[in-house]
Amino acid sequence: MEKLKLLAPAKVNYRLDVLGKRPDGYHELRMVMQRVGLCDEISIALSGTPGIRVTCGKVGVPDGPGNIAWRAADALLKLSGKETGIDIAIDKRIPVAAGLGGGSSDAATVLMGVNQLLGLGLSDERLMEIGVKLGADVPFFIFKKTALAEGIGDKLTAMESMPGLWVVLVNPGIHVSTAWVYQNLILTEKGTDTIIRGSYGTAAEVAGLLSNDLEPVTCGKHPLLNELKEMLLTAGAAGSLMSGSGATVFGIFEDEEAARRAAAEIAAARGWFAVAVPTL
Ligand SMILES: C[C@](O)(CO)[C@H](O)COP(=O)(O)OP(=O)(O)OC[C@H]1O[C@@H](n2ccc(N)nc2=O)[C@H](O)[C@@H]1O
Ligand SMILES: Nc1ncnc2c1ncn2[C@@H]1O[C@H](COP(=O)(O)OP(=O)(O)OP(=O)(O)O)[C@@H](O)[C@H]1O
């Protein structure tokens with residue numbers, strides 16, 4: 001039986017503006033989302049034994065139907081009407097509940113992989129419609145380009161031009177519930193007149209874009225994250241920010257060596273998860 005091995009990358013949010021709350025509880029957003037080269041490895045194989053099996057073996061990530069990758073495979077299998085079985089193994093490299101979109105990326109990768117393996121021929125637009133029902137971040141990972149994301153995060157426009165940068169991701173092992181962060185956000189009447197351009201040329205220009213309305217909520221509960229942002233700046237980052245709902249904090253660098261040095265220093269000093277990865 002045919003088998004695929006795929007990489008599911010993480011993301012960071014260069015910008016996350018919350019514009020308002022919708023009647024269904026979701027928030028209207030304006031974000032700039034960037035994929036980075038820290039990836040889960042996913043194997044997907046068709047099997048003669050009906051049913052979907054997902055194994056991950058990472059603490060905090062459920063096997064079976066509790067896994068968003070299982071739900072992604074289930075959605076496509078039901079739509080296809082086929083009787084085949086699907087075996088999915090996830091080698092989890094992306095920190096969990098960390099604001100890096102790991103679960104959403106796994107789901108997007110499984111949608112694309114199962115579409116291919118079952119020969120369904122569904123367009124990316126159709127996969128994004130299916131994906132948004134699994135999680136607001138899923139369509140972005142099917143889009144596969146640095147994006148301005150609006151609506152609940154699913155209305156995507158490609159950025160015209162973005163610099164290739166090095167991103168240092170630091171996660172102090174704090175798990176954050178995205179739902180909790182949105183529930184505890186205090187919406188303020190703030191101007192939304194900051195113009196987000198289609199093109200940015202340097203790390204310094206991207207640093208001017210960095211802002212995240214969810215930061216005060218997560219950093220209020222975990223003040224250590226402010227210290228982490230400072231450490232990244234001291235280590236030479238052009239800018240630093242919390243990603244998504246946190247708790248991962250990232251710094252942007254133009255220079256690979258400087259990024260690798262910063263990650264090694266922070267990992268050695270505090271024993272935290274710290275890696276330097278390129279933007280994709
Ligand atoms: C924080 C981000 O990662 C930024 O990219 C996303 O906004 C969250 O994306 P996600 O984890 O894929 O989101 P979902 O799994 O759909 O929702 C998780 C929780 O976040 C809340 N949520 C999510 C997206 C959004 N635009 N408004 C929200 O209020 C939902 O009410 C839900 O309680
Ligand atoms: N494949 C998966 N990978 C990671 N977490 C998963 C997966 N499937 C289910 N989960 C559950 O989803 C929760 C959120 O995980 P995830 O790593 O996607 O959060 P996140 O990185 O904060 O996402 P986001 O940036 O979209 O808010 C975890 O607590 C975990 O139990």
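The values are calculated or read from the model by the stated rules, or taken from the named source; none is laboratory data. Keep in mind that what you see is a predicted model, and the values were worked out from it rather than measured. Positions of Cβ are backbone-derived with ideal geometry, glycine not excepted, and every protein chain shown enters the neighbour counts. With ligands, DNA and RNA removed, areas are computed over all heavy atoms of the protein, side chains included. Shrake-Rupley method; radii C 1.70, N 1.55, O 1.52, S 1.80 Å.
Its relative contact order, with pairs defined as Cα atoms under 8 Å and 6+ residues apart, puts the chain at 22 percent. The distance from the alpha carbon centre of the stretch 5-54 to that of the stretch 229-270 is 23 Å, rounded to a whole number. Need one word for the stretch 3-158: rounded, prolate or oblate. Basis is the Cα gyration tensor (sqrt eigenvalues a ≥ b ≥ c); a/c below 1.5 gives rounded, then a/b vs b/c decides. Taking the square roots of the gyration eigenvalues as a ≥ b ≥ c, the stretch 3-158 is prolate. Once both labels are positioned 7 Å from their Cα atoms along Cα-to-Cβ, the gap between residue 254 and residue 21 label points is 4.3 nm.
Here the dipole of the chain is about 440 debye; that uses its Cα centre as origin and unit charges on the Cβ of Lys and Arg (positive) and Asp and Glu (negative). Applying 1/(1 + (r/R0)^6) with R0 = 41 Å to the Cβ-Cβ distance of residue 264 and residue 82 gives a FRET efficiency near 0.30.
Across the stretch 3-158, the mean sequence separation of Cα contacts (distance under 8 Å, 6 or more residues apart), normalised by length, yields a relative contact order of 28 percent. In terms of distances greater than 32 angstrom between alpha carbons, the cross-link table entries 3/229; 21/145; 21/82; 82/133; 78/221 yield 3/229; 21/82; 78/221.
Is the shape of the chain rounded, prolate or oblate, going by the alpha carbon gyration tensor and its root eigenvalues a ≥ b ≥ c, with a/c under 1.5 for rounded and a/b larger than b/c for prolate?
On the way: a/c = 1.76, a/b = 1.48, b/c = 1.19.
Note, shape of the chain comes out prolate.
Order these peptides, 32-41, 159-168, by their mean beta-carbon neighbour count within 10 angstrom, highest first.
32-41, 159-168
Annotation: aspartates and glutamates with alpha-carbon distance below 17 angstrom to residue 5 (same-chain offsets under eight excluded): 40, 41, 87, 91, 106. For a paramagnetic label modelled on residue 150 (point 7 Å from Cα along Cα→Cβ), amide N atoms under 17 Å away belong, within the stretch 10-44, to 15-22, 27-33.
What does the accessible area per residue of the chain come to in Å², with a 1.4 Å probe and no ligands, DNA or RNA counted? Could you put the intermediate results ahead of the total?
On the way: 12110 Å² over 280 residues.
With the other protein chains kept in place, the chain gives 43 Å² per residue.
Ligands, DNA and RNA left out, the accessible area of the chain computed with a 1.4 Å probe is 52% carbon and sulfur.
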